[in-house]
Amino acid sequence: MDRSDSQYAQAKLAQLKGQYQIDVSADWGDGEGEWKPGSWTRAELDRFHSAIDLMADAMGGPEAFVRHIGGATVRKADIGSHGGEALAHRVSLSIKGSFSSWTVVHEFAHAWDANYGWRLSKLLEKYTGGFTSPFLAGILKAAGLADTERFRPGKRPGRYGRRPGCNRAGYFYGDRPSGSNWSFNRVEDFAESVAMYVGWERDNDLSQHARKRIVRYQLKNGDKDPFNIIDNWTYYAQRFYPDNGDYTRTKRWQFVDDLVKGRIAIPDVGGRHPTRP
Ligand SMILES: [Zn+2]
């Protein structure tokens, strides 16, 4: 952050707090008479705010956003190779390099899930007809039926562990997610489903990314997708490509739509988390 932008940034932070109960930890400012630029740029602060606006719009407005997320602090931190990390009320974005609007929504979806004791991702798993069974996944891998190397993810086409159960978690996703790999599980599924919902066909900062997630299944086997990954896309189309390429026809889109429109009751397991908005 440049010193000349400090007032602008201050106003932005106040806005984020007032509208969304989000506290961005400012790592810039005047320190002992010397300006500390910190890690945020003015453009990033704008991008961040816009992404939150989009997510809140999809949820039904700022009040709904605050109800769902319950307030959060955001900081930039060294979190290894990840782009972001989230727990209830706490989101971290990588201090290495910048972040995308997609990452912001993805991480806030985790914070949303976490605020409800990770029950939202369980509901998604059930709604879409999936289940998690490390035991069954172990059998699949042992029998050589997984699209991985034996017991570990591969680094070549047809070996990334995209098929149901062929991931570290033993997550057998149901219906058609926009993608899957070794790291996929119901929690990641929920976060990606929320980001897909926010971006899909809305002509916003997430829309191009959402589109790329789907069109790659129209590529030929051995082609490079928009994320520079070579895989057997035609083969995987049957798992991931929605009817007529229309993502709104997937159970995941429907689930998030039902969730934000209050058509899904969130079970209470006691504790301090609210059940229904
Ligand atoms: Zn994630």
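The values are calculated or read from the model by the stated rules, or taken from the named source; none is laboratory data. Remember, predicted model here, so these are calculated numbers, not experimental data. Note that we place each Cβ from the backbone using ideal geometry, even for glycine, and neighbour counts take in every protein chain shown.
Just checking, which of ASP205, ASP268, ASP175 is part of a loop (DSSP other than H, G, I, E, B) and more than 18 Å from GLU125 (Cα to Cα)? Spell out the reasoning first.
On the way: ASP268 fails: more than 18 Å from GLU125 (Cα to Cα); ASP175 fails: more than 18 Å from GLU125 (Cα to Cα).
After ruling out the rest, the residue left standing is ASP205.
Going by the conditions given, is LYS17 more than 26 Å from VAL256 (Cα to Cα), more than 16 Å from the ligand (Cβ to nearest atom) and among the basic types (Lys, Arg)? Even if it seems obvious, please write down each step before you answer.
Working: more than 26 Å from VAL256 (Cα to Cα): no; more than 16 Å from the ligand (Cβ to nearest atom): yes; among the basic types (Lys, Arg): yes.
Considered against the rule, which asks whether it is more than 26 Å from VAL256 (Cα to Cα), more than 16 Å from the ligand (Cβ to nearest atom) and among the basic types (Lys, Arg), LYS17 comes out as no.
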**OP:** Being surrounded by fewer than 14 Cβ atoms within 10 Å (Cβ to Cβ) and touching a residue at least 40 places away in the same chain (Cβ under 8 Å) narrows it down to one of LYS224, LYS251, LYS261, so name that one.
**Re:** LYS261
Original post:
Is it fair to say GLY174 is more than 16 Å from the ligand (Cβ to nearest atom) and under 19 Å from ASP243 (Cβ atoms)?
Top reply: yes
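Here is a yes/no grid of residues against (1) at pLDDT below 95; (2) farther than 22 Å from GLY170 by Cβ; (3) within 16 Å of the ligand (Cβ to nearest atom); (4) in contact with a strand residue (DSSP E or B) (Cβ under 9 Å, 6 or more places away or on another chain):
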position	(1), (2), (3), (4)
SER100	no, yes, yes, no
VAL104	no, yes, yes, yes
HIS110	no, no, yes, yes
ALA114	no, no, yes, yes
LEU120	no, no, yes, no
LEU123	no, no, no, no
GLY130	no, no, no, yes
LEU136	no, no, no, yes
Original post:
Right, TYR171: in contact (Cβ under 8 Å) with a residue 60 or more places away in the chain and of a type in the set (Phe, Trp, Tyr) or not?
Top reply: no
Subject >> Members of segment 80-92 that are surrounded by 15 or more Cβ atoms within 10 Å (Cβ to Cβ) and within 12 Å of the ligand (Cβ to nearest atom) >> reply: GLY83, GLY84, GLU85, ALA86, VAL91, SER92
Original post:
Could you say which residue among ASP46, ASP5, ASP53 is surrounded by fewer than 16 Cβ atoms within 10 Å (Cβ to Cβ) and either among the acidic types (Asp, Glu) or in a strand (DSSP E or B) (or both)?
Top reply: ASP46
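Filter segment 24-39 down to the residues that are surrounded by 16 or more Cβ atoms within 10 Å (Cβ to Cβ) and part of a strand (DSSP E or B) and list them by number.
Quick first cut of segment 24-39, residues surrounded by 16 or more Cβ atoms within 10 Å (Cβ to Cβ) only: 24, 26, 28, 38-39.
Of everything in segment 24-39, just one residue is surrounded by 16 or more Cβ atoms within 10 Å (Cβ to Cβ) and part of a strand (DSSP E or B), namely VAL24.
Could you please find all residues in segment 178-194 being in a loop (DSSP other than H, G, I, E, B) and more than 11 Å from the ligand (Cβ to nearest atom)? Spell out the reasoning first.
First, the residues of segment 178-194 that are in a loop (DSSP other than H, G, I, E, B): 178-185.
Those that are in a loop (DSSP other than H, G, I, E, B) and more than 11 Å from the ligand (Cβ to nearest atom): SER178, GLY179, SER180, ASN181, TRP182.
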